[in-house]
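Data block below; observations after.
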Amino acid sequence: MAHSLKIFCCFFFFFLFSTLSIIPLSHQLEQHPLDSLTPNEFIRVQAIVNQSHPTTINDITFQYIGLNEPDKQALISWLQNHRPTPITAPPPRQAFVIARINHQTHELVVDLSYDNIVSDHIHHGFGYPLFTFQEQNGASQLVFNHAPFLAALNKRGLKVEEVICETFALGWFGETKQNVDLEAMKITHFRDRLVVPVPKAAGTDYRESEQKAPFGPELKGITVVQPDGPSFIIDGSRVR
């Protein structure tokens, strides 16, 4: 009996995997043209750009990589002919890239169907692309080796290890000079504007247990219940 059961189980799993193996890959991993780029696609995009601009002779940073949405009419045509069975091929899968290459801002369109760059436009107008994490961290650390900044901390009685600096894009308002040169990673201007009192540790505890009367009015409770389930459906990357 045990021997017969073993043969049956082996036959069953062989039949199951044989059946699964003949299902077309397009049906197993169907991808909507508006789906976000996958981790593998991000890696492919980076490889394609690096190959077209070898990093050995080019300084490349990636400020943005995202889906380059297909033409609307091509998308509508695909949607109309996609069900119940796919008749037309989906629109080309492309990525839009903003990269800094040799101190120039490039706007690129990468075709993931053929692994090539179909458009490479150098931006010569005003404005700058998003900061990378490396640029933000590098700019934040610059000030800790800047003598005027250290003097400003000392004037306020602060210790370097107690200070955290953050980097934010201030926008462009027509200035001919910037405060931080991210290309050379150096500070070009520092201004110590004003001195304000720095709160001390004592008396600044906001935990409820440390608060004293009078207190403000308490918030009234709220409950949200959907006994029949949520009013939305998540289908892959789509919310209906």
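The values are calculated or read from the model by the stated rules, or taken from the named source; none is laboratory data. Since the structure is predicted, the reported quantities are computational estimates derived from the model, not experimental observations. We place every Cβ from the backbone using ideal geometry, glycine too, and count neighbours over all the protein chains shown.
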query = Across segment 56-70, what is the total count of residues that are touching a strand residue (DSSP E or B) at 6+ places or on another chain (Cβ under 6 Å) and assigned to a loop (DSSP other than H, G, I, E, B)?
reply = 2
inquiry  = For segment 80-126: of the residues being outside any strand (DSSP E or B) and of a type in the set (Lys, Arg), which is modelled with the lowest pLDDT?
reply    = Arg83
query = Is there a residue in segment 21-39 that is part of a helix (DSSP H, G or I), modelled with pLDDT of 80 or more and under 29 Å from Thr132 (Cβ atoms)?
reply = yes
query = Which members of segment 199-240 meet the condition of being of a type in the set (Val, Ile, Thr) and over 35 Å from the mean Cα position of the chain (by Cα)?
reply = Thr204
task = With the checklist (1) out of contact with any helix residue (DSSP H, G or I) (no Cβ under 8 Å at 6 or more places or on another chain); (2) loosely packed, with under 13 Cβ neighbours inside 10 Å; (3) on the phi < 0 side of the Ramachandran plot; (4) not in a strand (DSSP E or B) in hand, flag the one item Ser77 doesn't pass.
result = (2)
note = Among residues of segment 140-151 being of a type in the set (Gly, Ala, Ser) and closer than 13 Å to Phe190 by Cα, the residue surrounded by the fewest Cβ atoms within 10 Å (Cβ to Cβ) is Ala147
request  = Go through the residues of segment 168-184 one by one and say whether even a single one is more than 20 Å from Thr61 (Cα to Cα), of a type outside the set (D, E, K, R) and modelled with pLDDT of 85 or more.
outcome  = no
message = Which pairs turn up if I take residues in segment 152-165 that are closer than 17 Å to Val195 by Cα and look for partners that are in a loop (DSSP other than H, G, I, E, B) and of a type in the set (Phe, Trp, Tyr) with beta carbon separation below 9 Å, at least 6 apart in sequence or on another chain?
response = Ala152/Phe190
